[in-house]
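Peer 1: Shown below is the structure under consideration.
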Amino acid sequence: MVDLQSPLGVTFIPGDHGNAAGGVGITLHERTNISLIQVTAWNNTIPTVLTAIGSATGVIVQNKPGHGRVAGEKSVFGFAPGRFMVTGATPDLEQRLRAAISTDLGTIVALTHGRTVIRISGSRVEWVLAKLFALDFSEHAFPVGTGRATLHHDIHTLIQRIDENSFDLYVFRSFARSFWLTLGHAAEEVGYRVE
Amino acid sequence: MIIKCPYCGPRDVIEFTYQGDATRKRPDPSSTDQNLWNAYIYDRSNPAKSHREFWLHTGGCRQHLVVTRDMSTHSISSVGFARDSKHAGDQ
C-alpha cells in the first residue's frame, strides 16, 4: 500500500521551538489517518441529511449556523447552509455516508487527500489564532464543537473548536506547508511544541 | 466595514466580494432594444443614500447575499440571502 505523505514534509520538526522561557504556550500536531468528508444537503433535505449523518457516524448536530460536535476522533460541524464537514478515523466513513445519503438527499465529496488538519492546543491558543484570523475566539463567541469558515491571507480555512484550549484547522493540502510555517512564526512568541 | 452574514455572523469586509447593483432588471431576452440593453449593462445610478447590492461571502459560507448599504456612510441596514430575496432584481 502506498504510504500517505504529509504535505508538511521537512518543515515538520518535532520538539520545542520559539520562546519557551515562559513554558510551552501551544502545541501543534498534524492529525493523520482520518477521513474527511464534505456533505452538502439540498435546501429541503437538511434535517434528513443531519439524521443520516447521525446514523452513519453516531454524531448528531443541529441545523443551526456553525453547530457541531466532537466525539473522540469523530467530529461534525456545519460551515455553510446545508454544508457539513464530517471527520472520523473510520476508513469506511465515506462508504457509510454514501450508503446513508443518496443523491436525492445531497452530495458527498471526499476531501481526505485535499485537506490537511492541524490541531493547535494550549493555554495561548486564542492569542495565537487571533493573529491570523479575524474572528472572536473567546469561548462564548466560539463554543466547543462549533465550526467557522474564514480566511487566512485570502486562503480559505475551516476551524472547529475541540475543547476550551484546542482547535482543528482545515487548510488546503497544497497550502498546508506555507500555512504551517506561518503558524509557527505566529506561535514563536509564546513558545510552541510540535508533536 | 463589517457585514453581518446571516449564517456566519459579523465578518470583516475583506471576506466578501462585491457583485454589483441588486436593483437592476434584466430586459426581456428577446428584446432588441439596444438602448435598453445598454442601460442594463452600463448605467448605474450611484445614489448617495441607501442602496441594494449583491455581495458574495467568498471567505466564509460562500453564499450570495443582498446587502442594503448607505453609499455615503457605509452603514448597513439589512443583509439577507439572495435566494430568499424577492426584491433582488432578476439576475
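Values quoted throughout were computed directly from the atomic coordinates according to the rules given, and no laboratory measurement underlies them. None of these values were measured; they are calculated from a predicted model. With ideal geometry, Cβ positions are generated from the backbone for all residues, glycine too; neighbour counts draw on all protein chains shown.
Peer 1: Please go through region A:145-164 and give me each residue that is surrounded by 15 or more Cβ atoms within 10 Å (Cβ to Cβ) and not in a strand (DSSP E or B), ordered by number.
Peer 2: A:GLY145, A:THR146
For every residue, the table says whether it meets (1) in a loop (DSSP other than H, G, I, E, B); (2) basic (Lys, Arg); (3) within 17 Å of A:VAL117 (Cα to Cα); (4) touching a residue at least 40 places away in the same chain (Cβ under 8 Å).
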| residue | (1), (2), (3), (4) |
| --- | --- |
| A:ILE13 | yes, no, yes, yes |
| A:ALA20 | yes, no, no, yes |
| A:VAL24 | yes, no, no, yes |
| A:ASN33 | yes, no, yes, yes |
| A:ILE37 | no, no, yes, yes |
| A:THR40 | no, no, no, yes |
| A:VAL49 | no, no, no, yes |
| A:ALA52 | no, no, no, yes |
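Peer 1: Specify the residue that is farthest from the other protein chains (Cβ to nearest Cβ); the eligible residues are those in region A:109-122 that are surrounded by 14 or more Cβ atoms within 10 Å (Cβ to Cβ) and part of a loop (DSSP other than H, G, I, E, B).
Peer 2: By that ranking, first place goes to A:GLY122.
Peer 1: Tally time: how many residues in region A:36-57 are among the polar types (S, T, N, Q) and crowded, with 22+ Cβ neighbours inside 10 Å?
Peer 2: Narrowing region A:36-57 to residues among the polar types (S, T, N, Q): A:38, A:40, A:43-45, A:48, A:51, A:55, A:57.
Then drop every residue that is not crowded, with 22+ Cβ neighbours inside 10 Å, which leaves A:57.
Residues in region A:36-57 being among the polar types (S, T, N, Q) and crowded, with 22+ Cβ neighbours inside 10 Å: 1 in total.
Peer 1: Here is a follow-up. Just to be sure, is B:PHE16 aromatic (Phe, Trp, Tyr) and away from every other protein chain (no Cβ under 14 Å)? Full working, then the answer.
Peer 2: Details: aromatic (Phe, Trp, Tyr): yes; away from every other protein chain (no Cβ under 14 Å): no.
Criteria not met by B:PHE16.
Peer 1: For region A:69-90, name all the residues that are part of a strand (DSSP E or B) and within 22 Å of B:THR58 (Cβ to Cβ).
Peer 2: Scanning region A:69-90 gives A:PHE77, A:GLY78, A:PHE79, A:ALA80, A:ARG83, A:PHE84, A:MET85.
Peer 1: Select from region A:4-23 the residues that are surrounded by 18 or more Cβ atoms within 10 Å (Cβ to Cβ) and among the hydrophobic types (A, V, I, L, M, F, W, C) and list them in ascending order.
Peer 2: If we filter region A:4-23 for residues that are surrounded by 18 or more Cβ atoms within 10 Å (Cβ to Cβ), which is where we start, we get A:7-8, A:18.
A:LEU8 - this is the single residue of region A:4-23 that is surrounded by 18 or more Cβ atoms within 10 Å (Cβ to Cβ) and among the hydrophobic types (A, V, I, L, M, F, W, C).
Matching residues to (1) touching a Lys or Arg at 6+ places or on another chain (Cβ under 6 Å); (2) within 13 Å of chain B (Cβ to nearest Cβ):
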residue: A:VAL128; (1), (2): no, no
residue: A:GLY145; (1), (2): yes, no
residue: A:ALA149; (1), (2): no, yes
residue: A:HIS152; (1), (2): no, yes
residue: A:ARG161; (1), (2): no, no
